[in-house]
Each structure stands twice: as C-alpha cells, then as structure tokens.
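Down below is the structure, laid out as structure tokens.
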Amino acid sequence: MIIIPPKSGASLELKKGQILKVIDIEGMQVSDILFMNKADKEEKISSGKTFDFEESILLTKGNYLWSNRSNKMVKIIEDTNGRNDFLLAPCDRKTFKHFYGMEEYHPSCFENLYKNLEQYGIGKDDIPTAFNIFMNVVFEESGKIKVDPPTSKSGDYVCFEAQMDLIVALTACSAKDSNGGSFKPIGYEIVDK
C-alpha cells in the first residue's frame, strides 16, 4: 500500500481492467479523486454525466463514473462505507477563506490535484469536480447542503475498476470540516482481480 500523507496528493496510471483500491487508514478521512483518459486528457470525469446516466447522486458499489463524453471511466466494484460525494468541488484557497476565514497558506485538494497532474500536461483549468470518496454531504428537502463528518472507519475502502486506460490523481483532503476536524493519511494500491 502507498500512503498519501495528510493534506497532500499523488498521481498514477491505471490500465483498462486494473483495480484501484483507496483505503481510509485511520477512519473519517476524505480523498478527492480524478480520472482522465490517458489517450486524450480532455476526456475527464464528469459529475453531471454520472448523475445523468446513474440516475442518482448517491454513488456506491455497482455504479459507474462517467466522462464528459458520456463514456464509462470506472466501475465502483467495492465500497465498504457506502457514502461518497460528487457535488462539491475540490477545496482551494478561496474555500478556506470563505468557510474558515483563513488568509494564510494552507494546502488544498485543488492544489494537490493539479500539482500531481502537471507531469501529464494537465493544468489548473483542466481540473473538474472530483469524486469525493468517504465525504458525507447531506441535503435537506429545501435543497440546502452541508458537510457532516465522514462515517468511514479505519480500514474502509473503495475499489474502482478501470474501463479505459487512465491517469488518476487523488488526495488526502485538506478541509477540516470534511474530515471530522483532523487530517489523516489515505492509502491506495493497484490490486489484481
């Protein structure tokens, strides 16, 4: 298992048919994840297309995550927690200023995603809304949303099966409220079927 330290990120390549396992090592830690088509980096994960084709905003085992070109990118084949988010964008400096009143520098998921994707020629403006593993976004009948602490426990994991050759970036999320008030590592590994 490769460990992503708190408030940082990583990137990797995943071949069609390979399985990426993302593990919440200590519990209550979110991981933002992005998928890009290795053959054409302008094809990327899309929350809107995924909601459309999966007909749900609650995505877990058995669901696919779709691209902006209406192609299946990954299938969620295991999810021991069952609570993930695809509504909220990766946190950035303005997020911290808005919600926490922070003016000083603080690592963000947006920064960790684009910095780990730079080696593939993917820039800041190419970063879409990420799939937020273990993130617990709840919503009221009125439509108001809020972020509650994750329900994931130590050892919970999600497995994604690649439907095409992919470039992947993922984080150990840097937003305090998303992670129940603290920052912890995230683990990942490529596993055989």
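One table, with the values for the structure above:
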{"read-out": "Sole exception among (1) within 14 Å of residue 163 (Cβ to Cβ); (2) more than 16 Å from the chain's Cα centre (by Cα); (3) of a type in the set (D, E, K, R) for residue 44, by number", "value": "(2)"}
{"read-out": "Where a residue in segment 25-41 is touching a residue at least 40 places away in the same chain (Cβ under 8 Å) and its partner, wherever it lies, is open to solvent by 20 Å² or more (accessible area, probe 1.4 Å) and hydroxyl-bearing (Ser, Thr, Tyr), with Cβ under 6 Å and at least six apart", "value": "26/154; 27/154"}
{"read-out": "Segment 89-110 - residue that is assigned to a helix (DSSP H, G or I) and free of Cβ contacts under 8 Å to residues at least 24 places away in the same chain and, of those, most open to solvent (accessible area, probe 1.4 Å)", "value": "94"}
{"read-out": "Among (1) under 23 Å from residue 138 (Cβ atoms); (2) in a strand (DSSP E or B); (3) of a type outside the set (Asp, Glu), the one test that residue 61 misses", "value": "(2)"}
{"read-out": "Given (1) open to solvent by 20 Å² or more (accessible area, probe 1.4 Å); (2) touching a Pro at 6+ places or on another chain (Cβ under 9 Å); (3) modelled with pLDDT under 95, number of the condition residue 178 does not satisfy", "value": "(1)"}
{"read-out": "Scan of segment 20-55 for residues that are open to solvent by less than 20 Å² (accessible area, probe 1.4 Å), under 29 Å from residue 182 (Cβ atoms) and in a strand (DSSP E or B), ordered by number", "value": "20, 22, 23, 24, 27, 31, 32, 33, 34, 35, 45"}
{"read-out": "Any hit, segment 66-83, residues being open to solvent by less than 20 Å² (accessible area, probe 1.4 Å), modelled with pLDDT of 95 or more and either part of a loop (DSSP other than H, G, I, E, B) or under 14 Å from residue 173 (Cβ atoms) (or both)", "value": "no"}
{"read-out": "Odd one out for residue 132 among (1) at pLDDT below 95; (2) open to solvent by less than 90 Å² (accessible area, probe 1.4 Å)", "value": "(1)"}
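The values are calculated or read from the model by the stated rules, or taken from the named source; none is laboratory data. Computed from a prediction, not measured in an experiment: that's the story for all the values here. In this analysis, Cβ positions are derived from the backbone assuming ideal geometry, glycine residues included, and neighbour counts consider all displayed protein chains. Protein only, heavy atoms only, side chains kept; ligands, DNA and RNA dropped before computing areas. Shrake-Rupley method; radii C 1.70, N 1.55, O 1.52, S 1.80 Å.
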